[in-house]
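Q: Structure in structure tokens, see below.
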């Protein structure tokens, strides 16, 4: 059917048989390729965002990222990064020397567990260096662990206290070698070696403080005094 000049336009659809110009086809192909390349790059970039920034293999601890290290590192890399910072702080400020005895105040919480674990790893490394050194001129620093029993200040069932202390004993015993001394010290020991007398005096002192904040500040001061007393005997 021939094209018609009617207002309706071509009636034979002959325009469908007209080939597109080559340059138009090439341009369209380039656009499709560019779109595919961009999509792939965005996908890979998004995948990298969901991986540890250090090992590039495992997902970070906090899914979806975040402002802290837990949103950037996987579990293993987070630990190694934290230990490196801890060790750098200790060595750069000469906090521990080979002849020192280090006393770690241990409560059983996450912060004291991490501190004890990292101090243990530093001690273990020092021990390996000592064993490998023929002249053995530098000794290995000692590590002790102190747990302050505050059951006199807080209403805690005796069996709960025993269970907690036993759990701490297991934790400390597993961090060997080198062997670490564990000191379980009642907070009333700061007053006297006679625990009964010290307990009575501590209870009277705590009962004389009515303000909760003041009582907590007092206990904090007593903890420090107790640790100092243990340090003198360690």
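Q: Which of the residues spanning region 125-145 are part of a loop (DSSP other than H, G, I, E, B) and buried (at least 16 other Cβ atoms within 10 Å of the Cβ)?
A: 140, 141
Q: Would you confirm, using the coordinates I've provided, whether residue 182 is at pLDDT 95 or above and in contact with a helix residue (DSSP H, G or I) (Cβ under 8 Å, 6 or more places away or on another chain)?
A: Working: at pLDDT 95 or above: yes; in contact with a helix residue (DSSP H, G or I) (Cβ under 8 Å, 6 or more places away or on another chain): yes.
Yes.
Q: When the residues of region 207-234 are filtered to those that are in contact with a helix residue (DSSP H, G or I) (Cβ under 8 Å, 6 or more places away or on another chain) and surrounded by 15 or more Cβ atoms within 10 Å (Cβ to Cβ), which remaining residue is farthest from residue 104 (Cα to Cα)?
A: 215
Q: Something else now. Would you pick out the residues in region 82-99 that are exposed (fewer than 14 other Cβ atoms within 10 Å of the Cβ) and either in a loop (DSSP other than H, G, I, E, B) or touching a residue at least 12 places away in the same chain (Cβ under 8 Å) (or both)?
A: Looking only at region 82-99, we keep the residues that are exposed (fewer than 14 other Cβ atoms within 10 Å of the Cβ), and these are 84-85, 88-89, 91-95, 97-99.
Matches in region 82-99: 93, 94, 95, 97, 98, 99.
Q: Given the conditions (1) modelled with pLDDT under 95; (2) assigned by TED's automatic domain parsing to the domain that holds residue 198; (3) surrounded by 12 or more Cβ atoms within 10 Å (Cβ to Cβ), which single one is not true for residue 122?
A: The single condition residue 122 does not satisfy is (1).
Here is a yes/no grid of residues against (1) under 21 Å from the mean Cα position of the chain (by Cα); (2) within 29 Å of residue 221 (Cα to Cα); (3) in the same structural domain as residue 210 (by TED's automatic domain parsing):
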| position | (1), (2), (3) |
| --- | --- |
| 108 | yes, yes, yes |
| 111 | yes, yes, yes |
| 129 | no, no, yes |
| 134 | no, no, yes |
| 151 | no, yes, yes |
| 164 | no, yes, yes |
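Q: When you scan region 41-49, do you find a residue that is on the phi < 0 side of the Ramachandran plot, surrounded by 10 or more Cβ atoms within 10 Å (Cβ to Cβ) and modelled with pLDDT of 65 or more, even just one?
A: Checking region 41-49: at least one residue is on the phi < 0 side of the Ramachandran plot, surrounded by 10 or more Cβ atoms within 10 Å (Cβ to Cβ) and modelled with pLDDT of 65 or more.
Q: For region 57-71, which residues satisfy the criterion of being surrounded by 11 or more Cβ atoms within 10 Å (Cβ to Cβ), over 25 Å from residue 119 (Cα atoms) and modelled with pLDDT under 90?
A: Once the filter is applied, which keeps residues that are surrounded by 11 or more Cβ atoms within 10 Å (Cβ to Cβ), over 25 Å from residue 119 (Cα atoms) and modelled with pLDDT under 90, region 57-71 yields 62, 65, 66, 71.
Q: Another question, then. Could you go through region 177-187 and let me know if any residue there is closer than 19 Å to residue 221 by Cα, without any contact (Cβ under 8 Å) to a residue 24 or more places away in the chain and surrounded by 18 or more Cβ atoms within 10 Å (Cβ to Cβ).
A: no
Q: If the requirement is being out of contact with any helix residue (DSSP H, G or I) (no Cβ under 6 Å at 6 or more places or on another chain) and surrounded by 16 or more Cβ atoms within 10 Å (Cβ to Cβ), which of these qualifies: 148, 156, 168?
A: Of 148, 156, 168, the one residue that is out of contact with any helix residue (DSSP H, G or I) (no Cβ under 6 Å at 6 or more places or on another chain) and surrounded by 16 or more Cβ atoms within 10 Å (Cβ to Cβ) is 168.
The values are calculated or read from the model by the stated rules, or taken from the named source; none is laboratory data. Given the structure is predicted, the values throughout are model-derived calculations rather than measurements. Here the Cβ is made from the backbone with ideal geometry for all residues, glycine too, and neighbour counts use every protein chain on show.
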